[in-house]
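Engineer: Sharing a structure here in structure tokens format.
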Amino acid sequence: MYKTIDLFAGIGGIRRGYEMINKFENVLSAEIDKYACITYEHLYGENPCNDVTSEEFKEKVAKMQYDTLLAGFPCQAFSRAGKQEGFLDSTRGTLFFDVADIIKRTRPKTFMLENVDNLLSHDKGNTFKVILEVLINELDYKVVGVEKNSDGKLIYENKNFIRNSRNFGLPQNRPRVYIMGFDRKYFGDQVDNLPQKNLPEKREGNPIYKDLNDLLEFNAPQEFYVAQGYLDTLKKHRSRHEGKGNGFGYMVVNEPSIKNPYSNAILATGGSGKERNLVFDPQEGIAGKVVKGKQTPLNNENIRHMTPTEWGKLQGFIGYAFVDEFGDDKFTFPPSISKTQLYKQFGNSVTIPVVEQMALYMNNCIEFLESRKNQKVVLPKRVAIKRLVDLADGEVI
């Protein structure tokens, strides 16, 4: 078993994806959100309440034996790179700096970092460039999907880092960035010969759900149906924005005219993540019904919000990742967690089946590298000649 640490753990989606292939075992977690910690402890039997930025936690990690660092770190702006102290220093004060600092101190054999797809365009691409410079040039890791040219410039395509939940068996359009690295100091130059040059792009085997209608639980409780006044407001809001050419507005993601429907990304903040994921769920007796807590009667179009259970299914927590060998789903929330928190915790998490495929890929790479760790890499002739020229010029290789 390879030992993992789970940073910015949320409710443990990344951890669970790695655990599912029975090759990885978690030994330490870190999360500071009070309610996420309650759910995490409920699911895994351990309290993850640790602060990644604290010296106390970093010293704790340094004393542990572990193999793989996992982190879904938040995206933050960096100061401009190019200072003489190096790229890592330009990230100081951000949470990526703390992840990189832990990697530098403890040198895990492998890591996987996860982030929103906007990371690639953040600060006109500077943020992502700095991250790669730190991981590859300063920490000396091979990052999957990145090569160097003869001048040492990093060569990569943004598409090599984006993976969408839609391609991994779940009907959710959720592109996310995945960065996977292997320690060049530990594995040697064999890291340049990985059997697959890029991260997996789709799920192995059949999809978990055929489409969104296969996932939805129809005849939902009336509390999830949208009040007519609220629906009218959403329509006016969309019409106003469409008139300005913005295109923003609510969406009914499984309208009967849509073939093979899928959801938009669910969001931790709820808000538009709920409004852009309204569903058509026809049910007798709903239209015009007066429900306590809603200012107007229920809408006459059978439109409702998705339920927290449906969000849990879209992320692979419910109906997949915690199903035991007998087919029983063991996923539950603590009774103290509010409905608002249910949405937030699912929206803030990862899609577990995507991470599961990343774990399978990483395990295959580790096995490949371990079997060749002591073998020398035969350099192409032109590269070997360049090395000799560099040595002749007095460069240390």
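Engineer: Taking Phe87 and the conditions (1) within 19 Å of the chain's Cα centre (by Cα); (2) modelled with pLDDT under 95, which numbered condition does it fall short on, given that it satisfies the others?
Structural biologist: Going through the list (1) within 19 Å of the chain's Cα centre (by Cα); (2) modelled with pLDDT under 95, Phe87 breaks only (1).
Engineer: Now for a separate question. Got a sec? Which of Leu278, Leu267, Leu298 is in contact (Cβ under 8 Å) with a residue 24 or more places away in the chain, surrounded by 21 or more Cβ atoms within 10 Å (Cβ to Cβ) and farther than 17 Å from Glu217 by Cβ?
Structural biologist: Leu298
Engineer: Residue pairs, Cβ under 6 Å, 6 or more apart or interchain, first in segment 343-357 and touching a residue at least 24 places away in the same chain (Cβ under 8 Å), second part of a helix (DSSP H, G or I) and among the basic types (Lys, Arg). List them.
Structural biologist: Ile352/Arg16
Engineer: Step by step: first the residues of segment 108-125, then only those that are over 12 Å from Cys75 (Cα atoms) and assigned to a helix (DSSP H, G or I), then the one that is nearest to the chain's Cα centre (by Cα). Which residue is that?
Structural biologist: Ranking the candidates gives Gly125 first.
Engineer: Restricting the search to segment 23-36, which residues are surrounded by fewer than 21 Cβ atoms within 10 Å (Cβ to Cβ) and without any contact (Cβ under 8 Å) to a residue 24 or more places away in the chain?
Structural biologist: Result: Ile32, Asp33, Lys34.
Engineer: Sticking with this structure for a sec: What pairs come up if the first residue lies in segment 136-160 and is under 19 Å from Phe111 (Cβ atoms), the second is basic (Lys, Arg) and part of a loop (DSSP other than H, G, I, E, B), and their beta carbons are under 8 Å apart, counting only those six or more places apart or on different chains?
Structural biologist: Close Cβ pairs (under 8 Å, with a partner that is basic (Lys, Arg) and part of a loop (DSSP other than H, G, I, E, B)) amount to Val144/Lys197; Gly145/Lys197.
Engineer: Residue by residue through segment 106-128, note down the ones that are charged (D, E, K, R) and under 21 Å from Val191 (Cβ atoms).
Structural biologist: Hits for segment 106-128 are Arg107, Lys109, Glu114.
Engineer: Ok, one more. Among the numbered criteria (1) crowded, with 20+ Cβ neighbours inside 10 Å; (2) in contact with a helix residue (DSSP H, G or I) (Cβ under 7 Å, 6 or more places away or on another chain); (3) under 18 Å from Gly229 (Cβ atoms), which single criterion is violated by Pro261?
Structural biologist: Single failed check for Pro261: (3).
Engineer: If you don't mind, another one. For segment 229-255, which positions are under 23 Å from Ser165 (Cα atoms) and either charged (D, E, K, R) or modelled with pLDDT under 95 (or both)?
Structural biologist: Phe248, Gly249, Tyr250, Met251, Glu255
Engineer: Are any residues in segment 194-221 loosely packed, with under 14 Cβ neighbours inside 10 Å and assigned to a helix (DSSP H, G or I), and if so, which ones?
Structural biologist: Within segment 194-221, just Asp214 meets the criteria.
Engineer: While we're looking at this one, here's another question. Residues that are surrounded by fewer than 21 Cβ atoms within 10 Å (Cβ to Cβ) and in contact with a Pro (Cβ under 7 Å, 6 or more places away or on another chain): does segment 116-127 have at least one?
Structural biologist: yes
Engineer: Looking at (1) surrounded by fewer than 18 Cβ atoms within 10 Å (Cβ to Cβ); (2) in contact (Cβ under 8 Å) with a residue 12 or more places away in the chain; (3) not charged (D, E, K, R), which is the only condition Thr233 fails?
Structural biologist: In the conditions (1) surrounded by fewer than 18 Cβ atoms within 10 Å (Cβ to Cβ); (2) in contact (Cβ under 8 Å) with a residue 12 or more places away in the chain; (3) not charged (D, E, K, R), Thr233 misses (2) alone.
Engineer: Let me ask something else. Please determine whether any residue of segment 353-371 is part of a loop (DSSP other than H, G, I, E, B), touching a Ser or Thr at 6+ places or on another chain (Cβ under 7 Å) and farther than 30 Å from Asp232 by Cα.
Structural biologist: No, there is no match, as no residue in segment 353-371 is part of a loop (DSSP other than H, G, I, E, B), touching a Ser or Thr at 6+ places or on another chain (Cβ under 7 Å) and farther than 30 Å from Asp232 by Cα.
Engineer: Name, by its number, the condition in (1) polar (S, T, N, Q); (2) under 20 Å from the mean Cα position of the chain (by Cα); (3) surrounded by fewer than 19 Cβ atoms within 10 Å (Cβ to Cβ) that does not hold for Thr4.
Structural biologist: It is condition (3) that Thr4 fails.
The values are calculated or read from the model by the stated rules, or taken from the named source; none is laboratory data. Being a predicted model, the structure only gives us computed values, none of them experimental. Ideal geometry is used to build each Cβ from the backbone, glycine not excepted, and the neighbour counts take in all protein chains shown.
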